[in-house]
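Below: the structure, in structure tokens.
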Amino acid sequence: VRAVGARFLEAPLAGSRPQAEARQLIFLLGGEPEDVARAEPLLSVLGPAQHWVGPVGAGALAKLAVNALLAAQVAAAAELLAVLRHAEVDTQRIVEALGATPVASTAIKGALASMLAGQYAPRFPIELVEKDLAYALGAAEAAGVRLPITEAVRTAFAEAIARGFGGDHIAGITQVYR
């Protein structure tokens, strides 16, 4: 890119269609600080949050970290929801109570709502979640680090794919536990 006189900035983002439509995307920027500053006016149209995370490559790693954390939370929520359903308690009431606690992120509240409603129209399909987990594990292996929790989460999403749910939204992993 530099050989032809251009500059390169990676800009993976956190958010999905609703955040894009609301212009609330979060950018994880990898590149030179001056390129980040130059791109700020353009990126600010799509979202107010732009985080420079380091040189090119750091943005992609930050995005993999975001997706791995989301996947772990959603997989754990699906498992816990299965326990609630099998216990024959008022699942909706307990999920609402969990949503009022400080540990419930906006993403988990949304995933649980999708799980309860059985709505799995893809925004972040399970097959892409599993792919990103594989990339995160590859990056960890290259760094000489083992990620046993991420490995377990990837196995759960791979099982969802094997059961035919790969095209469903991430919250569709709950179907594995029915």
Has the range 87-109 got at least one residue that is in a helix (DSSP H, G or I), open to solvent by less than 60 Å² (accessible area, probe 1.4 Å), among the hydrophobic types (A, V, I, L, M, F, W, C) and touching an Asp or Glu at 6+ places or on another chain (Cβ under 7 Å)?
no
Selected residue (criterion: farthest from ALA143 (Cα to Cα)) from residues of the range 54-83 that are more than 14 Å from the chain's Cα centre (by Cα) and open to solvent by 20 Å² or more (accessible area, probe 1.4 Å)
VAL83
As an exercise: evaluate TYR120 against (1) of a type outside the set (Gly, Ala, Ser); (2) open to solvent by less than 40 Å² (accessible area, probe 1.4 Å); (3) farther than 20 Å from ALA158 by Cβ; (4) not in a helix (DSSP H, G or I) and give the number of the one condition it does not meet.
(3)
Please go through the range 16-53 and give me each residue that is out of contact with any strand residue (DSSP E or B) (no Cβ under 8 Å at 6 or more places or on another chain) and exposed (fewer than 13 other Cβ atoms within 10 Å of the Cβ), ordered by number.
ARG17, PRO18, GLU21, ALA22, ARG23, GLU34, ALA37, PRO41, LEU42, VAL45, PRO48
Give me the pairs, please: first residue somewhere in the range 4-26 and closer than 18 Å to ALA37 by Cα, second residue anywhere and of a type in the set (Asp, Glu) and modelled with pLDDT of 95 or more, beta-carbon distance under 7 Å, and either six or more positions apart or on two chains.
ARG7/ASP35; LEU9/ASP35
Output yes when any residue across the range 123-131 is open to solvent by 20 Å² or more (accessible area, probe 1.4 Å), farther than 20 Å from GLU79 by Cβ, of a type outside the set (Asp, Glu) and at pLDDT below 95, and no when none is.
yes
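Is there a residue being under 17 Å from SER16 (Cα atoms) and open to solvent by 60 Å² or more (accessible area, probe 1.4 Å) anywhere in the range 148-158?
So far as the range 148-158 goes, no, none of its residues is under 17 Å from SER16 (Cα atoms) and open to solvent by 60 Å² or more (accessible area, probe 1.4 Å).
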Among (1) touching a residue at least 24 places away in the same chain (Cβ under 8 Å); (2) assigned to a helix (DSSP H, G or I), the one test that LEU69 misses
(1)
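The values are calculated or read from the model by the stated rules, or taken from the named source; none is laboratory data. Predicted model only: the values in this text are computed from it and were never measured. So basically every Cβ, Gly included, is an ideal-geometry build from the backbone, and we count neighbours across all protein chains shown. Quick note on the areas: whole protein, heavy atoms, side chains included, nothing else; ligands and nucleic acids left out. Shrake-Rupley method; radii C 1.70, N 1.55, O 1.52, S 1.80 Å.
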